[in-house]
Structures are given as C-alpha cells and as structure tokens.
Amino acid sequence: GLQGIFVNARWMFKLAGLYQLPWGINVTGVLTAREGYVLPYHESIWRPTGVGWGNIFKTGTKFGDDRLPTFWMLNLGLEKTFKISDTATATFFVDAYNITNNSTTLLVETDYEASNFDEPLRILNPGIFQFRIRVNF
C-alpha cells in the first residue's frame with residue numbers, strides 16, 4: 001500500500017524464542033534485521049510527446065547501489081497466568097516493541113526536484129510498551 005518503496009532486501013534475519021521461567025512466567029523475544037531497501041533517486045519530467053511523465057535515474061549507478069540504512073528491531077514480551085477459579089484464569093501481558101528505540105529511516109524523498117529531497121518521509125516508530133489483560137472463563 002505504500003508508494004516509492006522498493007522492497008528487495010538481499011538478506012533478512014529473524015530470530016524468535018520463548019523461555020518459561022519458574023512460577024509460570026513466560027519471556028518472549030523477536031529480533032528482526034534486514035538490508036535497507038533500494039533508494040531509486042530520480043527526477044520526474046513531463047514529455048510533451050503524449051507519453052506523459054517519465055523518470056530519469058541517477059547516472060553512474062545501477063539500481064540497488066543506493067540503499068536505506070540496515071533495518072533492525074528487537075521486541076520483548078512477558079506474561080503470567082493466574083488461576084481465579086476452577087474454570088477462570090487471568091493472563092497479564094507486558095510487551096515492548098522496538099525496545100532499543102531504534103529510529104531507522106524507512107523512506108526518504110527521492111525526487112531530485114522536490115524541496116525536501118533526501119529528507120526522511122517515514123521512520124520506524126519509537127519504542128512503546130503495551131499492557132494487556134486476558135480473562136478466560
């Protein structure tokens with residue numbers, strides 16, 4: 001659904017795990033890393049021959065030479081289930097997304113003629129915590 005992003009990382013790494021601590025406490029973690037996506041620097045021009053808009057790309061480079069920085073993110077979670085009755089339980093969750101508060105650039109303006117050329121248009125969301133409760137009965 002996003003425009004101007006060429007999703008063609010040549011490598012990707014994912015590691016996920018869950019460890020159960022004593023007293024029924026679960027700790028989870030997910031580490032994701034990948035090469036930065038391609039930056040297709042270009043200039044849009046109008047061709048009055050009826051063809052319409054076209055793109056002129058950076059000379060002296062090939063597609064894929066210019067890339068965004070390497071993306072990586074670490075998410076952690078903690079959960080504990082409590083028995084309320086014979087048929088009911090309550091589970092408390094604490095999730096931390098982007099725990100390192102990594103602010104990787106995900107999209108920049110690539111049009112040479114734009115006033116904000118090469119400035120970030122989208123960055124990774126800052127680290128957040130999410131607290132949840134689930135009740136089963």
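The values are calculated or read from the model by the stated rules, or taken from the named source; none is laboratory data. These numbers come from a predicted model, not from an experiment. Note that each Cβ is placed from the backbone with ideal geometry, even for glycine, and that neighbours are counted across all protein chains shown. The area values use the complete protein model at the heavy-atom level, side chains included, leaving out ligands, DNA and RNA. Shrake-Rupley method; radii C 1.70, N 1.55, O 1.52, S 1.80 Å.
When the residues of segment 10-30 are filtered to those that are without any contact (Cβ under 8 Å) to a residue 40 or more places away in the chain and among the small types (Gly, Ala, Ser), the one that is least open to solvent (accessible area, probe 1.4 Å) is GLY17. Cβ separations smaller than 9 Å between residues 6+ apart or across chains give no pair from segment 111-130 residues that are within 20 Å of LEU74 (Cβ to Cβ) to residues that are at pLDDT 90 or above and surrounded by fewer than 10 Cβ atoms within 10 Å (Cβ to Cβ). Selection of first residues in segment 60-79 that are closer than 19 Å to THR105 by Cβ and of second residues that are acidic (Asp, Glu), restricted to Cβ pairs under 7 Å at least 6 apart or on distinct chains, gives the following pairs, ordered by first then second residue: ARG67/GLU35; THR70/GLU35. Count of segment 109-137 residues, restricted to those that are among the hydrophobic types (A, V, I, L, M, F, W, C), open to solvent by 80 Å² or more (accessible area, probe 1.4 Å) and under 16 Å from VAL38 (Cα atoms), is 2.
When the residues of segment 58-108 are narrowed to those that are surrounded by 13 or more Cβ atoms within 10 Å (Cβ to Cβ) and among the charged types (D, E, K, R), which ends up nearest to GLY29 (Cα to Cα)? For segment 58-108, the residue satisfying everything is ASP95.
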